[in-house]
Amino acid sequence: MVEQGDILYALYGATSGEVARSKIKGAINQAILAIIPLPEYDAEFVMQWLRANKETIVSKYLQGGQGNLSGAIVKDLDIDIPEYKEQVKIGRFLAQVTNLITLHQREQLFSGVISQLRTS
(Lines give C-alpha, C1' and ligand atoms only; values in the text may rest on other atoms or scores of the structure.)
Protein backbone atom coordinates (compact mmCIF):
# COMPACT_ATOMS: atom_id res chain seq x y z
CA MET A 1 0.00 0.00 0.00
CA VAL A 2 1.17 3.50 -0.78
CA GLU A 3 0.05 6.88 0.45
CA GLN A 4 -0.55 10.00 -1.59
CA GLY A 5 2.82 11.66 -2.23
CA ASP A 6 4.97 8.53 -1.92
CA ILE A 7 7.66 8.17 -4.58
CA LEU A 8 6.95 5.37 -7.06
CA TYR A 9 9.95 3.92 -8.91
CA ALA A 10 9.60 1.43 -11.77
CA LEU A 11 11.98 -1.52 -11.41
CA TYR A 12 11.25 -3.81 -14.37
CA GLY A 13 11.03 -3.81 -18.14
CA ALA A 14 10.74 -0.91 -20.53
CA THR A 15 9.70 1.50 -17.78
CA SER A 16 12.71 0.78 -15.52
CA GLY A 17 13.83 3.99 -13.86
CA GLU A 18 10.61 5.91 -14.45
CA VAL A 19 9.59 7.83 -11.36
CA ALA A 20 6.48 9.67 -10.15
CA ARG A 21 4.63 10.62 -6.98
CA SER A 22 1.50 8.74 -5.99
CA LYS A 23 -1.59 10.87 -6.47
CA ILE A 24 -3.80 8.53 -4.46
CA LYS A 25 -3.66 6.02 -1.62
CA GLY A 26 -3.57 2.57 -3.18
CA ALA A 27 -1.82 -0.69 -3.91
CA ILE A 28 1.18 -1.37 -6.14
CA ASN A 29 2.77 -4.58 -7.36
CA GLN A 30 6.32 -5.91 -7.18
CA ALA A 31 7.34 -4.04 -10.36
CA ILE A 32 7.10 -0.73 -8.48
CA LEU A 33 9.18 0.33 -5.51
CA ALA A 34 7.57 2.72 -3.04
CA ILE A 35 10.12 5.14 -1.62
CA ILE A 36 9.20 6.97 1.57
CA PRO A 37 12.06 9.35 2.42
CA LEU A 38 13.10 9.94 6.00
CA PRO A 39 11.94 13.29 7.43
CA GLU A 40 15.28 14.96 6.66
CA TYR A 41 14.86 14.25 2.93
CA ASP A 42 12.46 16.13 0.69
CA ALA A 43 10.45 13.68 -1.45
CA GLU A 44 10.25 16.07 -4.40
CA PHE A 45 14.04 16.51 -4.38
CA VAL A 46 14.62 12.75 -4.25
CA MET A 47 12.14 12.14 -7.07
CA GLN A 48 13.69 14.84 -9.25
CA TRP A 49 17.18 13.45 -8.55
CA LEU A 50 16.06 9.97 -9.62
CA ARG A 51 14.47 11.42 -12.76
CA ALA A 52 17.59 13.42 -13.64
CA ASN A 53 19.84 10.37 -13.12
CA LYS A 54 17.60 7.79 -14.81
CA GLU A 55 19.90 7.14 -17.79
CA THR A 56 22.98 6.72 -15.58
CA ILE A 57 21.20 4.35 -13.21
CA VAL A 58 19.59 2.27 -15.96
CA SER A 59 22.78 2.00 -18.03
CA LYS A 60 24.83 0.99 -14.97
CA TYR A 61 22.47 -1.66 -13.61
CA LEU A 62 20.62 -2.89 -16.69
CA GLN A 63 23.43 -4.05 -18.95
CA GLY A 64 22.23 -4.27 -22.53
CA GLY A 65 18.66 -3.67 -21.42
CA GLN A 66 18.58 -6.95 -19.47
CA GLY A 67 17.86 -7.38 -15.80
CA ASN A 68 15.90 -5.35 -13.32
CA LEU A 69 16.46 -2.69 -10.74
CA SER A 70 15.81 -3.68 -7.13
CA GLY A 71 15.19 -2.14 -3.75
CA ALA A 72 18.76 -3.07 -2.75
CA ILE A 73 20.20 -1.23 -5.77
CA VAL A 74 18.11 1.87 -5.06
CA LYS A 75 19.10 1.87 -1.37
CA ASP A 76 22.76 1.82 -2.40
CA LEU A 77 22.54 4.86 -4.70
CA ASP A 78 24.72 7.74 -3.58
CA ILE A 79 22.77 10.98 -3.63
CA ASP A 80 24.48 14.26 -2.80
CA ILE A 81 21.97 15.76 -0.41
CA PRO A 82 22.13 19.46 0.49
CA GLU A 83 20.50 20.73 3.67
CA TYR A 84 16.73 20.30 3.82
CA LYS A 85 15.75 23.90 2.97
CA GLU A 86 17.91 23.73 -0.16
CA GLN A 87 16.41 20.36 -1.12
CA VAL A 88 12.94 21.90 -0.95
CA LYS A 89 13.97 24.84 -3.17
CA ILE A 90 15.69 22.60 -5.72
CA GLY A 91 12.87 20.05 -5.76
CA ARG A 92 10.18 22.70 -6.30
CA PHE A 93 12.20 24.46 -9.00
CA LEU A 94 12.80 21.22 -10.92
CA ALA A 95 9.12 20.29 -10.60
CA GLN A 96 8.19 23.64 -12.16
CA VAL A 97 10.66 23.09 -15.01
CA THR A 98 9.26 19.59 -15.61
CA ASN A 99 5.70 21.00 -15.68
CA LEU A 100 6.71 23.71 -18.17
CA ILE A 101 8.35 21.14 -20.44
CA THR A 102 5.24 18.95 -20.30
CA LEU A 103 2.99 21.90 -21.13
CA HIS A 104 5.23 22.88 -24.06
CA GLN A 105 5.22 19.29 -25.39
CA ARG A 106 1.42 19.16 -25.19
CA GLU A 107 1.17 22.50 -26.95
CA GLN A 108 3.40 21.23 -29.76
CA LEU A 109 1.37 18.02 -30.04
CA PHE A 110 -1.94 19.88 -30.22
CA SER A 111 -0.53 22.34 -32.76
CA GLY A 112 0.51 19.41 -34.94
CA VAL A 113 -2.90 17.76 -34.66
CA ILE A 114 -4.67 21.01 -35.52
CA SER A 115 -2.39 21.53 -38.54
CA GLN A 116 -3.16 18.03 -39.77
CA LEU A 117 -6.89 18.57 -39.35
CA ARG A 118 -6.74 21.81 -41.32
CA THR A 119 -4.96 20.14 -44.25
CA SER A 120 -7.37 17.18 -44.29
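Of note:
- Tilt relative to the chain, helix 84-119 - C-alpha long axis, 0 to 90 degrees, to 10: 20
- Candidates LEU94, LEU11, LEU38, ranked by Gaussian network fluctuation over the chain, Cα under 10 Å, top entry: LEU38
- Using the Cβ-Cβ distance between ARG21 and SER115 with R0 set to 25 Å, the FRET efficiency from 1/(1 + (r/R0)^6) comes to roughly 0.15.
- Rolling a 1.4 Å probe across all protein chains gives GLU83 an accessible area of roughly 130 Å².
- Helical runs (DSSP H, four residues minimum) scored at -39500 (n - 2.57) apiece and divided by the length of the chain put the mean residue ellipticity at 222 nm at -16000 deg cm²/dmol.
- For segment 26-67, the spread of Cα positions along each principal axis, largest first, Å: 36, 25, 12
- Ellipsoid semi-axes in whole angstrom, largest first, where each is sqrt(5λ) of the Cα gyration tensor of the chain: 29, 20, 15
- Using the 1.4 Å probe convention, the accessible area of segment 12-53 works out to 59 Å² per residue with neighbouring protein chains retained.
- Cβ-Cβ FRET estimate between GLU86 and ARG106, R0 fixed at 30 Å, reported to 0.05: 0.45
The values are calculated or read from the model by the stated rules, or taken from the named source; none is laboratory data. All values reported here derive from a predicted model rather than from experimental measurement. Positions of Cβ are generated from backbone atoms using ideal geometry, with glycine treated the same way; all protein chains shown enter the neighbour counts. Just the protein is used for accessible areas: all its heavy atoms, side chains included, with ligands, DNA and RNA removed. Shrake-Rupley method; radii C 1.70, N 1.55, O 1.52, S 1.80 Å.
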